[in-house]
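J.: Structure in structure tokens, see below.
FYI, it's all coordinate maths here, none of it is from the lab. Everything quoted here is computed from the prediction, not taken from an experiment. Cβ placement follows ideal geometry from the backbone for every residue including glycine, while neighbour counts extend to all protein chains displayed.
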Amino acid sequence: MQIFGDVLRDYRIPAEEIEAHEEMARKNGYSAFLDLNADTSIFKCETDQECLDTRTVKVRDDAPVAGKAIAALSLMNMGLTVRSVVRGSIVFDPPPAEMVLVPGDELVIAGETSSFARSAAFFRTASDSIISPAIRRSPVTQPDSRDVENAIAFKAETGIDTETRIDYLPKADAAICSHLDQIRPVYPSASGCEECLRTGDKWLHLRLCLSCGHVGCCDSSKNKHATSHFHKTDHAVMRSLEAFEDWAWCFKDEEYI
Ligand SMILES: [Zn+2]
Ligand SMILES: [Zn+2]
Ligand SMILES: [Zn+2]
């Protein structure tokens with residue numbers, strides 16, 4: 001159940017919806033988990049177009065999308081469509097393309113899972129990342145001892161924790177890398193490689209995505225999750241998270257910046 005909930009959270013499914021899914025799974029006596037071939041409503045719902053591929057995203061105060069017209073966002077190029085916008089008690093369905101987004105707007109966006117990952121940085125704010133680290137993820141459950149151990153090891157390894165905001169000042173200019181505008185102040189997304197923590201794998205060194213704060217393992221690690229994060233999201237710039245290392249790398253220009 002824990003893993004199930006974590007996966008849905010990673011796909012930005014709203015909390016109420018996750019609770020409903022969990023409740024349904026419990027009611028069915030966990031049959032959905034026991035027999036994967038069973039035709040249960042819980043799995044039917046997950047593969048349903050409306051259910052999995054529609055996300056509700058709230059525009060935060062300092063999110064990059066605030067103050068921009070819907071048409072000016074490159075959401076369409078990413079394969080995402082804004083289906084409706086809820087502003088206070090008014091629902092724009094569909095919203096006019098020239099509508100300028102303001103903090104507090106709630107957007108219902110439809111598209112593929114991979115497209116959502118690519119657009120996440122638009123909605124993330126410097127002070128409050130959408131991908132919250134595991135410990136901050138769910139205020140109702142206490143972090144278990146493994147989370148605490150990871151956080152201590154992470155701090156020892158990197159000198160920072162998931163509450164430390166990272167502001168990287170590039171040493172190169174736009175002539176060397178044309179992706180410097182992707183760099184934002186970010187919070188590390190997890191106390192270690194996000195994916196390796198989930199699967200219980202080990203890593204060698206850690207890299208931090210300077211667009212969204214994703215923490216992934218380096219290319220000398222077995223799983224190379226930092227590089228696969230770049231391929232999945234097109235976030236070009238990452239920084240080393242090793243203590244005493246202060247360099248960043250652009251995957252596209254293949255330069256230190
Ligand atoms: Zn670059
Ligand atoms: Zn990894
Ligand atoms: Zn990223």
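J.: So for the pair L169, K58, with labels modelled 7 Å out along Cα→Cβ, what separation do we get in nm?
T.: Output for this residue pair reads 3.5 nm.
J.: Over 10 Å intervals from 0, what percent of Cα-Cα pairs in segment 192-257 sits in each interval?
T.: 25, 58, 16, 1
J.: Going through segment 210-252, which chymotrypsin sites (Phe, Trp or Tyr not before Pro) have at most 15 other Cβ atoms within 10 Å and a DSSP loop state?
T.: F244, W247
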